[in-house]
Amino acid sequence: MTFDLSTFVGRLLYARTRKGWSQKELADHLGCFASRISTWERGRKPRDANKLASTLGVRVDWLLLGSGEM
């Protein structure tokens with residue numbers, strides 16, 4: 001699978017699949033529903049990007065903006 005790392009959606013998908021997690025597994029780690037993950041993967045940015053980035057083990061500026069190191 002190829003990811004467009006120039007977009008938030010691409011970076012989110014990349015980080016999630018790098019962990020080997022489904023949307024449901026990520027949702028379980030975050031304490032939310034898989035439908036919330038789906039919404040983000042369609043382009044809506046999360047309210048608590050710090051928690052999402054931390055859970056995925058990436059930097060928030062990389063996840064949201066694509067800047068800096070992962």
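The values are calculated or read from the model by the stated rules, or taken from the named source; none is laboratory data. For clarity, every value in this text was computed on a predicted model and none was experimentally measured. Here the Cβ positions follow ideal geometry from the backbone for every residue, glycine too, while neighbour counts run over all protein chains shown. What goes into the accessible areas is simple: the full protein's heavy atoms, side chains included, and nothing from ligands, DNA or RNA. Shrake-Rupley method; radii C 1.70, N 1.55, O 1.52, S 1.80 Å.
A few points about this structure:
- Each residue in the range 19-47 was checked for being within 11 Å of the chain's Cα centre (by Cα) and of a type in the set (Asp, Glu), and 1 of them qualify.
- Those helices (runs of 4 or more DSSP H) lying entirely in the chain with at least 2 residues open to solvent by less than 30 Å² (accessible area, probe 1.4 Å), in contact with a strand residue (DSSP E or B) (Cβ under 6 Å, 6 or more places away or on another chain) and at pLDDT below 95: none
- Boolean, residue 7 is among the β-branched types (Val, Ile, Thr) and farther than 17 Å from residue 68 by Cα: no
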